[in-house]
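**Student:** Have a look at this one before I ask anything.
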Amino acid sequence: MAEKMFPVVPTGLAYLCDNCNKGLAVATDKTSPDGLIRHTCANCGFNYFFKKRYPTIEWRFPSLDEVQKDLVAKETDTLAATPLKVVPDVKES
């Protein structure tokens with residue numbers, strides 16, 4: 001029982017233009033020599049270079065304490081719902 005699944009939440013992440021404060025930076029297909037991705041504001045055309053591509057999706061995880069409590073509770077519920085087998089006593093000879 002080493003692996004257990006738990007829910008995660010996909011969250012959209014965009015970069016609001018620092019120049020006009022109205023448009024969003026959108027990744028282009030251009031990169032700089034050091035590997036940064038060129039972005040252009042969809043409103044004013046201002047250019048940026050970032051390590052990651054915007055807009056993007058990031059995954060939000062619950063805290064590890066919440067995950068552990070949830071997994072322990074589910075395991076306890078599963079064990080409680082599992083019927084026990086009755087094994088007859090074995091007499092020693």
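The values are calculated or read from the model by the stated rules, or taken from the named source; none is laboratory data. This one's a predicted model, so the numbers in the text were calculated from it and none came from an experiment. For neighbour counting, all protein chains shown are included, and Cβ atoms are generated from backbone atoms with ideal geometry for every residue, glycine included.
**Student:** Looking at the stretch 21-41, which of the residues that are assigned to a loop (DSSP other than H, G, I, E, B) and among the polar types (S, T, N, Q) is nearest to VAL72 (Cα to Cα)?
**Tutor:** ASN21
**Student:** Next question, about the same structure. For the stretch 25-41: of the residues being touching a residue at least 24 places away in the same chain (Cβ under 8 Å) and in contact with a Ser or Thr (Cβ under 9 Å, 6 or more places away or on another chain), which is nearest to ARG53 (Cα to Cα)?
**Tutor:** The qualifying residue nearest to ARG53 (Cα to Cα) is ALA27.
**Student:** Under the condition of being in a loop (DSSP other than H, G, I, E, B), of a type outside the set (Val, Ile, Thr) and surrounded by 10 or more Cβ atoms within 10 Å (Cβ to Cβ), which residue from the stretch 1-20 is nearest to the chain's Cα centre (by Cα)?
**Tutor:** The selected residue is PHE6.
**Student:** Which of the residues spanning the stretch 46-90 are at pLDDT 85 or above, among the polar types (S, T, N, Q) and exposed (fewer than 11 other Cβ atoms within 10 Å of the Cβ)?
**Tutor:** None; the set is empty.
Let's see how each residue does on (1) free of Cβ contacts under 8 Å to residues at least 24 places away in the same chain; (2) within 22 Å of LYS4 (Cβ to Cβ); (3) in a loop (DSSP other than H, G, I, E, B); (4) not hydrophobic (A, V, I, L, M, F, W, C):
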{"site": "ASN43", "(1), (2), (3), (4)": "no, no, yes, yes"}
{"site": "PHE49", "(1), (2), (3), (4)": "yes, no, no, no"}
{"site": "ARG53", "(1), (2), (3), (4)": "no, no, yes, yes"}
{"site": "ILE57", "(1), (2), (3), (4)": "no, no, no, no"}
{"site": "GLU66", "(1), (2), (3), (4)": "yes, yes, no, yes"}
{"site": "ASP70", "(1), (2), (3), (4)": "no, yes, no, yes"}
